[in-house]
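Contents: one structure, followed by commentary.
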Amino acid sequence: MADQNDYSHGQSPPWSRPTPTPNNGEQGTFQHPGAVRCARVDGHLTVRMAKVKQVGLLAAGCQPWNKDVCAASGDRFAYCATLAIYIYQLDQQYNEYKLRSIMSEHKKTITAISWCSDNPDLFASASADNLLIVWNVAEQKAVARLDNTKGVPTSVSWCWNSADGVAFVSQRGPLYIWVYAGRDSGLTVHKEAHSFLSDICLFRWHPTKRGKLVFGHTDGSMSIFQPGSKSQKHVLRPESLEGTDEEDPVSALEWDLLSTDYLLVSNLHNGIRLVDSEALNCVTSFCFPSAAASVQCLAWVPSAPGMFITGDSQVGVLRVWNVSRSTPLDSFKLKKTGFHALHVLNSPLNKKAPSFSSNSKSQHTSSTSEAVPPPTLSQNRSFSLPPGHAVCCFMDGGVGLYDMGAKKWDFLRDLGHVETIFDCKFKPDDPNLLATASFDGTIKIWDTNTLTAVNTSPGNEGVVYSLSWAPGTSTPHTIIRTIDGKILHKYKHPAAVFGCDWSQNNKDMIATGCEDKNVRVYYLATSSDQPLKVFTGHLAKVFHVRWSPLREGILCSGSDDGTVRIWDYTQDACINVLIGHTAPVRGLMWNTEVPYLLISGSWDYTIRVWDTRDGTCLDTTYDHGADVYGLTCHQSRPFTMASCSRDSTVRLWSLTPLISSLLLNILTDQPWEKIIGNTDTAMVPGSPPLLCGKVSRDIKQELDKLSLDIRAKRLRWFFECFSPPGGSSNLWDLVSVINGQDDSLLPASYSKGVMHMKHLLKFKTSEAQELTIVKMCKFGGGIGAPSKEERLKEAADIHLRLGQIQRYCELMWEKALSVAPGVSMKYWKKLMQRRVDQLMAEDNDDAIPYCIATGDTKKLVTFFTGRGQLLEALLIAQLAMCSLIRGNELELAACVGIVLGEAANQSTEYCLELLARKYMTTPTWELSADLLQMIPDNCILLAKLCAYYPGSAAEINQLHERCGLPSLEECKALAEEAVCEGDLFSAVQFHLLSSEPENALRIGIDHIKEQLSGSDWTVDSVQPILDLMSYIRTDRLVMVKLTE
């Protein structure tokens, strides 16, 4: 049942799609993780608050198709998925790289990217649709585009002689130079770089020798050009290839930064050579420890002249080399899968100082300096990598930033999809596990709490269009099927079938979507192969069909005509047509709790949320950068949705803002009929949302069994249902601990999150003891496992963070003296503090034991936080909870405060006040009043609420009555009485609540003027009146008689 027009790698749609974000020919599509929503309405750009909130992003991996798909400049680096470029930037506050934006303007496979060496804000990208774009990363917009590159660019690089020029080449040339700005703008051809005899893999300009460049070819040769010299084409092939027709493509090519003539070149099967481009000879051939090893990529290390690193193509082995010796200095296995690209940053992170001696210049060589042997490595001392950070991209799509000095990952985004993701499904018995199916042939399992992949299939299945979890299994097993049109072969259709769905209310009922534009319903319990119903109305093929889980006989269908149709099987009719998408509809999902909510995803890059009662589009999201295919949610977490797209990302969304009134009803302890109802009641147009699904009914059933602590359980169970993954369950566990729950009732996941201080010692000591057991072990943990020394150091560090210095010293004797008292405690502490400052200035981990020993936890927290090590800072000061909760934080905070009780009263009241302000809108005024009535001493707060209410006189009086306030006329009389008695505050308050609130302004402003004319006024003397006056209704401020 594969859609013939559902394309991916290098393919394009049969029409030009509108870009959902503003696009005037210059402005392209830059996305933020959690982008501001923009839309163009009647020619005007509008920015609005979205109802559906993105709460998670599972980023794509790096594509393995093309060579130049990783680039860096200054404090930024970028890598390419198939259709999007991910840009990371150093966060100076936390000293770590974070995803800043996603560029997704290309409609076909991105083939190369390059950062401008003269302007770190400029960035170029090319794609298989003969498109070249120049971006300004800082301003996040496209500044120029070339729509016809006369071939697919295989490599792109900024020109040596122009900040406005980009060079690119495809297949056998020629080399084109595009100057996109200035008087000389236009496209020209390099005078000599053309008519090659072998396809070009990549090319590089020399960084200092102006105009010199080298090309690497698929036959293993190189071509070298420089102004004023004879061009050299197809030279320096590996010796083993001379005189043969065999090909061994150039896999990497980099000029020596300190030389005018030397460059490193690697061939996939013939290893690495240092060659002299002037003398046209090989200076050094580097030897691998195994004949099976092959190099996929290499990079010079700027912080260590003469040193470079390589990545193996078969296994993720990082090797460290120096040009002075032909064998590697050291090697590290970082991953099981091979490297695809490497790029070394110029170490903008303030990491540990180099471990070389101060005379480092005499210990390392560049390729043009006199060869001096590198430092001798003793048998008991492991080699220290030079300082720097390597952006590592792997063949399986993994992307990481490796700290070479510390020999650890700063982050590793492993196992990302590199192609279109067609389908996604939550595991039936675990709402935290999400499976995805992709064009790249893999199925991946994701943990939505940590936003990381925990498993992947080998990738041998071919294109995977659809997946389904096996029912009733507790293991992460999936049933996978490739949709090939044969799944419903026993039912004859006049054309290809693209979608089918079983009815959840009738196990024998199945619906299909067909290329002939029709929807068919079959009854499986009969032997007939004819459909019971055929629904017609779509103007193009029907792709997906979905039965409503809550309304029997109701189903929807999405079509290439851009519409979603709602069908009623019992009436044999289309009861609604949802119009809004501008391209074919693919993803469809009914909400499992609110019967009228339907979500659709389209090739127009958008996700739309519909109220099917009247066909209203409640919200539209524009965050995906390509076609949206799959939509899913888990029944136990019905308001967290996952979506997948041709942009190779999976995104998590909170739908909770759509049913905010329900949250407030639960929070304010409203009766059940305002929370749970039947579908007939919920489907009345304009009525507030009600929960009608299994989860809400199960919660109510469990609550009905309780006799104690009912409200606390009600709040927790409902808000766990409403909240997205990522910390809320951990928060509720902490609340239970604070309220005295028995530790034996805590879930196993508790020890992996933020813990109460009384448990910190218990759990972390246990972890340290487990690591220490390695002392008694005879054998190690196998290849890739932490060494004995690494595990002991990890155990010692845990003891140290718990303040167990004596146990730390037992494990790490070499540092024992550093934390022992000296001549006197006063002198010892002074010296220790000086040593701490010195080590922290060097960003040296040795500062940690000194801080612990002196009890300076504040300095230690600052130290950890400054390095971005928030988990370590948490162990010291429990600082990280606020970063773990996403979604409706105010509602969640108020619930937690209510459950905690008296100890949290002040914070709870403040949350309730903020919530009341948030919901002071037309449909939820009464809910705001309910929130304020939960606060003691709420008279002034209720007065402000009623003063701001914009209803009719009858509606205002009704709200006054609900809040326990006098009517409009009574307030007017009370205001005049207060004026006579000289009670200014009450006069302003009651005038605001009367039918003529503008009178409050006159009295209040006169009072403020009088106060300010004196010399003894204070903020406290004017603030209460000013605060009250700020709640006058806007319509009263624009009255003619008040314009003076």
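The values are calculated or read from the model by the stated rules, or taken from the named source; none is laboratory data. It should be emphasised that the depicted structure is a prediction, and the values quoted were computed from it without experimental measurement. Note that we place each Cβ from the backbone using ideal geometry, even for glycine, and neighbour counts take in every protein chain shown. Heavy atoms of the whole protein, side chains included, go into the accessibility calculation; ligands, DNA and RNA do not. Shrake-Rupley method; radii C 1.70, N 1.55, O 1.52, S 1.80 Å.
Data table
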{"read-out": "Cβ pairs under 7 Å, 6+ apart, first in the range 962-977 and closer than 18 Å to Ile1003 by Cβ and assigned to a helix (DSSP H, G or I), second acidic (Asp, Glu) and open to solvent by 30 Å² or more (accessible area, probe 1.4 Å)", "value": "Lys972/Glu996"}
{"read-out": "Matching entry among Tyr605, Tyr629, Tyr596 (being more than 28 Å from Val695 (Cα to Cα) and touching a Lys or Arg at 6+ places or on another chain (Cβ under 9 Å))", "value": "Tyr605"}
{"read-out": "Selected residue [more than 27 Å from Leu57 (Cα to Cα) and part of a loop (DSSP other than H, G, I, E, B)] from Ala626, Ala525", "value": "Ala525"}
{"read-out": "Residue in the range 250-263 that is surrounded by the most Cβ atoms within 10 Å (Cβ to Cβ), counting only those that are under 36 Å from the mean Cα position of the chain (by Cα) and at pLDDT 90 or above", "value": "Val250"}
{"read-out": "Qualifying residue in the range 909-920 (condition: in a loop (DSSP other than H, G, I, E, B) and within 23 Å of Ser994 (Cα to Cα))", "value": "yes"}
{"read-out": "Criterion (touching a residue at least 24 places away in the same chain (Cβ under 8 Å), among the basic types (Lys, Arg) and open to solvent by 40 Å² or more (accessible area, probe 1.4 Å)) met by exactly one of Arg1036, Arg1002", "value": "Arg1036"}
{"read-out": "Those residues of the range 194-205 which are of a type outside the set (Lys, Arg) and under 42 Å from the mean Cα position of the chain (by Cα), in sequence order", "value": "Ser198, Asp199, Ile200, Cys201, Leu202, Phe203, Trp205"}
{"read-out": "The range 978-999, residues that are outside any helix (DSSP H, G or I) and free of Cβ contacts under 8 Å to residues at least 12 places away in the same chain", "value": "Glu981, Gly982, Asp983"}
{"read-out": "Selection within the range 217-239 - more than 18 Å from Trp158 (Cβ to Cβ) and open to solvent by less than 20 Å² (accessible area, probe 1.4 Å)", "value": "His217, Gly220, Ser221, Met222, Ser223, Ile224, Pro238"}
{"read-out": "Residue tally, condition without any contact (Cβ under 8 Å) to a residue 60 or more places away in the chain, farther than 17 Å from Glu552 by Cβ and aliphatic (A, V, I, L, M), over the range 491-518", "value": "1"}
{"read-out": "Spans of strands (runs of 3 or more DSSP E) in the range 296-345 with at least 1 residues acidic (Asp, Glu)", "value": "307-312, 330-335"}
{"read-out": "Matching residues in the range 741-750 - criterion: being outside any loop (DSSP other than H, G, I, E, B) and surrounded by 15 or more Cβ atoms within 10 Å (Cβ to Cβ)", "value": "Tyr750"}
